[in-house]
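Have a look at the structure below before the remarks.
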Amino acid sequence: MATESFFYHIKFTNKDERELKQLIEDLILSKNGYEISQEDLQKIKEKEKKSEKVLSEWIKNL
Amino acid sequence: MDKKFIVFVSLSKLIKSLDKDKILKILSTFQSSKEPDVQTFLFDQEKKDSLALNFEIRDRSRTYLWIDTLNNEVVAYFSIAIDIIQIEGLSKNLQKKINKGFLPAEEFIFSYLIGQLGRNERYNRSYITGKEILTYSLAKIKEAKNIVGGRLVVIDINNVYQKPKLQKFYEEFGFKKLKQINKSLTRYYLILK
């Protein structure tokens, strides 16, 4: 990660054919993708819910 | 420090509830001497300002934080944004494949960028792990994906500050090398289902 990441946009040309083909194949197939488990999504929702309760008190007392 | 006092909150929410000085004071508690850029993005000690905060106000990125509400300190954070990949010279066949038969006038692939991600060095992995921070960032991107679409996530790995062990960590998540940006940064990508 880096701050400059926000300002840099990748540009592919003919020279990057191999990388580009790999990316496009993955994009089309998407079977190689990552799926967040329902368990993790549920945990995150619960954390957000609990955080809401603590946050309002914390903000008041700051 | 007790984990139950650590909350997960968006910077946007803090902006709505607190004045700038209070927010900056909280952001200034984040320390990352091993990866100074991760620290400077959240709070620049010299300028006494926050690029993350300015980006949030300008809708340039979204930052999410874990805050230790007992000590008013940032435990960890990540920042995500919208990005594009520009492509030149792609065959018409591949262009059609990407766009399911539609030939676009311009050659861009939309992506989500995880621009920053880090844990305060004063808090160890017993408070939050790198895996948790990355999972939360992908969960937030998934929320955006569910609303507007897109499935490509990109992240830059710093070859200088981040050891090969960390590169392996991202690869185990499914990130693949996309392109070397410069001497210090390599962009990786992940397809999010």
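What the table shows:
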{"quantity": "Test: residue in region B:73-87 that is surrounded by 12 or more Cβ atoms within 10 Å (Cβ to Cβ), at pLDDT 95 or above, in a helix (DSSP H, G or I) and within 9 Å of chain A (Cβ to nearest Cβ)", "calculated": "no"}
{"quantity": "Residue in region A:23-38 that is farthest from B:GLN39 (Cα to Cα), counting only those that are facing chain B (nearest Cβ under 7 Å) and not in a loop (DSSP other than H, G, I, E, B)", "calculated": "A:ILE28"}
{"quantity": "Filter result for A:ILE44 (within 18 Å of the chain's Cα centre (by Cα), outside any helix (DSSP H, G or I) and hydrophobic (A, V, I, L, M, F, W, C))", "calculated": "no"}
{"quantity": "Residues of region B:141-170 satisfying the condition of being over 16 Å from the mean Cα position of the chain (by Cα) and surrounded by 15 or more Cβ atoms within 10 Å (Cβ to Cβ)", "calculated": "B:GLY150, B:ASN159, B:TYR161"}
{"quantity": "Elements of type strands (runs of 3 or more DSSP E) in region B:136-193, at least 1 residues being out of contact with any Ser or Thr (no Cβ under 7 Å at 6 or more places or on another chain), at the interface with chain A (Cβ under 7 Å from one of its Cβ atoms) and among the charged types (D, E, K, R)", "calculated": "B:176-180, B:185-191"}
{"quantity": "Qualifying residue in region B:8-20 (condition: over 23 Å from B:LEU185 (Cα atoms), of a type in the set (Gly, Ala, Ser), within 11 Å of chain A (Cβ to nearest Cβ) and over 16 Å from the mean Cα position of the chain (by Cα))", "calculated": "yes"}
{"quantity": "Of the criteria (1) surrounded by fewer than 20 Cβ atoms within 10 Å (Cβ to Cβ); (2) within 13 Å of another protein chain (Cβ to nearest Cβ); (3) in contact with a Ser or Thr (Cβ under 8 Å, 6 or more places away or on another chain), which one B:GLN45 fails", "calculated": "(2)"}
{"quantity": "Qualifying positions in region B:22-42 - within 11 Å of chain A (Cβ to nearest Cβ) and of a type in the set (D, E, K, R)", "calculated": "B:LYS22, B:LYS25, B:GLU35, B:ASP37"}
{"quantity": "Test result for B:PHE30, in contact with a strand residue (DSSP E or B) (Cβ under 6 Å, 6 or more places away or on another chain), modelled with pLDDT of 95 or more and not hydroxyl-bearing (Ser, Thr, Tyr)", "calculated": "yes"}
{"quantity": "Residues that are assigned to a helix (DSSP H, G or I) and either more than 13 Å from chain A (Cβ to nearest Cβ) or closer than 21 Å to A:SER51 by Cα (or both), drawn from region B:53-72", "calculated": "B:LEU53, B:GLU56, B:ILE57"}
{"quantity": "So B:ILE15, is it closer than 22 Å to B:ALA139 by Cβ and surrounded by fewer than 21 Cβ atoms within 10 Å (Cβ to Cβ)", "calculated": "yes"}
{"quantity": "Some residue of region B:131-138 being among the small types (Gly, Ala, Ser) and buried (at least 18 other Cβ atoms within 10 Å of the Cβ)", "calculated": "yes"}
{"quantity": "Qualifying residue in region A:11-28 (condition: surrounded by 13 or more Cβ atoms within 10 Å (Cβ to Cβ), farther than 23 Å from B:GLY115 by Cα, free of Cβ contacts under 8 Å to residues at least 24 places away in the same chain and within 17 Å of the chain's Cα centre (by Cα))", "calculated": "no"}
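The values are calculated or read from the model by the stated rules, or taken from the named source; none is laboratory data. Only a predicted model underlies this, so the values are computations on that prediction, with no experimental measurement involved. Positions of Cβ are backbone-derived with ideal geometry, glycine not excepted, and every protein chain shown enters the neighbour counts.
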